[in-house]
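The structure appears right after this line, and notes come after that.
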Amino acid sequence: MMRSIGGSLVRAGRGQQGEMTSVLVTGANGQIGTDLVAALRARHGAERVIASDLAPEPPADVADRGPYARLDVTDEARLREILDRHGVDTVYHLASLLSATGEQRPELCWEVNLLGLRNVLEAARQRGLRVFWPSSIAVFGPATPRAETPQTTLLDPRTMYGVTKVSGELLCRYYAERLDVDVRSVRFPGIVSYTAPPGGGTTDYAVAIFYGALQEGRYVCFVRPETRLPMMYMPDALRAVLGVMDAPAGAITIRTSYNLTAMSFSAEELAAEIRRRVPGFEVVYEPDYRQQIAESWPATIDDTRAREDWGWSPRFDLAAMVEDMLVHLPRQLAARGERAGPLHR
Ligand code: AKB
């Protein structure tokens, strides 16, 4: 269902909490977008948040929840048309190919990730828009310190996705410092959530493992058991996005992207935590090309600057996240008419 909010939106604020705003979310049907759109609609009102994605229509279960526009972010004219029609003042630009898909389609990854970002930043410069754009731990690489990776360190990406994230960070800083665009960013670790599944990322196993546990009692994991990566539960990820966007401009001292983390665990530690609640859960490890990507990324992250500058503080650790996932994912599966197997509580 394609829906527009007509010409009646008032552009009355700069998008800070409590002010009138009109928001565009790109990549709205993805893992983060699905939950972020719901959070923004709860905050600003459904009609003030325009969800957009490549698909002609939103997923059926959210189709009646607010305005939706079809948008390919590489189409600059269409982007401008949507921004102008809806009087948008803030863009959450999530549309992106992730690390695993990016290795399969490197040219498309470059095009979508960087041309899309450039289109959003250029539109923001011309219209005075505020922008949120997610970077990733994929900016780091084998030459980066793997433990407590500092904010300022060697960026050494070996994936096309990581290359686009480093380039995107530099582009954001250029637009912020030279062209006065208020663009803010965080380097997300792997994100675990239950509403919409991730697609095409290396950290996807940390979500898929819950589906395996609940639906099959078994999971074939594509990274080795000892693979340790920084991770975050979706409620914390949403708090990070809103937190960095709510901060006064003067508090934002990093205009590339903030290091961010909530927890770090190995694949076998995650499996063990799930097994404590789903007895008999079996995991088989069959590493594929994504192992090499995972190994090139940090194990733990130093996010002191985010904590100091805008009060970042995560709430979920591994045990709390697993507990919450195993409460909500079965309900989500039931709502989607999917089977949750006999092993879940
Ligand atoms: C991926 O695995 O590609 C993403 C990321 C860490 O940016 N989840």
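Roughly what % of Cα-Cα distances in region 149-213 sit above 18 Å, to the whole percent? Here the long-distance tail beyond 18 Å is 54 percent of all Cα pairs in region 149-213. Note on the chain: helix-only mean residue ellipticity at 222 nm, from DSSP H runs of 4+ residues weighted -39500 (n - 2.57) and normalised by residue number, equals -11500 deg cm²/dmol. When both region 124-163 and region 256-296 are represented by their alpha-carbon centers, they are found 21 Å apart. Dividing the C-alpha radius of gyration of region 109-257 by 2.2 N^0.38 Å, with N its residue count, gives 1.14.
The charge dipole of region 22-120, taken about its Cα centre with unit charges on the Cβ of Lys, Arg, Asp and Glu (plus for the first two, minus for the last two), comes to roughly 280 debye. Here region 228-313 has an Rg and Dmax of 16.5, 52 Å, counting Cα atoms alone.
Along its principal axes, region 52-167 has C-alpha extents of 46, 32, 26 angstrom, given from the largest down.
Global size of region 183-240: 12.6, 43 Å for Rg and Dmax (C-alpha atoms, Rg to one decimal, Dmax whole).
In what sequence do 152, 74, 90 fall when counting other Cβ within 10 Å, fewest first? Sorted ascending by nearby Cβ count, the order is 152, 74, 90. Exposure proxy ranking for 166, 37, 244, based on other Cβ atoms within 10 angstrom of each Cβ and starting from the fewest, stands as 166, 244, 37.
Please get the size of the charge dipole for the chain, origin at its Cα centre, with Cβ charges of +1 on Lys and Arg and -1 on Asp and Glu, quoted in debye to the nearest 20. For the chain, the charge dipole is close to 600 debye.
Here, the chain has an Rg and a Dmax of 19.5, 58 Å when only alpha carbons are counted. Each of 20, 160 was scored by other Cβ atoms within 10 Å of its Cβ. Listed from fewest to most, they are 20, 160.
Bear in mind that the values in this text are calculations on the coordinates, not laboratory data. Model, not experiment: these values are computed from the prediction. We place every Cβ from the backbone using ideal geometry, glycine too, and count neighbours over all the protein chains shown.
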